[in-house]
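Scroll down for the structure; my scribbles are underneath it.
The values are calculated or read from the model by the stated rules, or taken from the named source; none is laboratory data. What you are looking at is a predicted structure, and each value in this text was computed from that prediction instead of being measured. With ideal geometry, Cβ positions are generated from the backbone for all residues, glycine too; neighbour counts draw on all protein chains shown. Areas reflect the complete protein model, heavy atoms only, side chains present, ligands, DNA and RNA absent. Shrake-Rupley method; radii C 1.70, N 1.55, O 1.52, S 1.80 Å.
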Amino acid sequence: MPSRCHLLNDPPRLPMIFPSVLGCDMTRILDECRSAFDAGVDALHIDIMDGHFVPNLTMGPRIVQLLREHFPDAYLDVHLMLDHPEKFVTPFADAGANNITYHIEPTVGRDKFNEHELLRMIHGCGCQAGICINPHTPPQSIEHLLIEVDLVLVMSVHPGFGGQKFMPEVLDSARWLSQRKPDHVRLQMDGGINPDTTALARDAGVDVIVAGTAFFRSDDRAKMCATLRGE
Ligand code: DX5
Ligand code: ZN
């Protein structure tokens, strides 16, 4: 199991595979996550939704705390889909998150807790920090943050639900960001990634693949992990 607290800047190999916990059998979340690590994944991706920025609700800090207790060395990647991420940075950091990613859309240009302050807040909690854009948000909107972040996340579905269809139009955004980000910054893609779409993402420069449905619904998760990596 990976135990690197700076996994994003110092990856053991690329691409990395982060299964989205949202796609697992939630009644058996601990067994499911154990199975994911046994299959060779690099980290867990944990989707947090507020029912406002996205039309769904999922988990809170307690689930991250539970995962941290059971997987003390795991890298926990928390994806905040929230209108007010500033309210939850500290609770998720305290719960054991290693990386916290938030969306640019509700935060850019705000007077208080703008996009820069949020990054400082996340780093100040000792976590790595990611910035995310929705499928139709121009990549140029986060260009000014590329030197401050550890990870850039390009959504390849409209966030809110697992099991949606991959949106190939986001590949241009991924390529644009891939050409401009510093080498130590990871480029992540999330939504609809499966054996048919993983190569499109990787060819566009994506080096961290998030997969929920494809991974957890697979009969052979080790093989699925390798396939998503392109092996
Ligand atoms: C979407 C979430 C994703 C999603 C991935 O809002 O951020 O992490 O659950 O699931 P799949 O791989 O099923 O699209
Ligand atoms: Zn996600």
Expressed as a percent, the accessible surface of region 16-229 that is carbon or sulfur, using a 1.4 Å probe and the full set of protein chains, is 51 percent
Region 197-231 versus region 37-99: alpha-carbon centroid distance in Å | 20 Å
Taking the Cα-to-Cβ direction at residue 38 and at residue 105 and moving 7 Å from each Cα, how far apart do the two end points lie in nm?
-> 3.8 nm
Separation in nanometres of the label points that stand 7 Å from Cα toward Cβ, at residue 169 and residue 116 | 3.2 nm
Report P(r) for region 1-138: all Cα-Cα distances, bin width 10 Å, range 0 to the bin holding the largest distance, values in whole percent.
-> 12, 44, 35, 9, 0
Label-point separation (nm) for residue 223 and residue 125, each offset 7 Å from Cα along Cα-to-Cβ?
-> 4.0 nm
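Kirkwood Rh over alpha-carbon pairs of the chain, then Stokes-Einstein at 4 °C and 1.567 mPa s: what D in µm² s⁻¹, rounded to an integer? Don't skip to the end; give the middle numbers.
Values: Rh = 17.2 Å.
For the chosen part, D equals 76 µm²/s.
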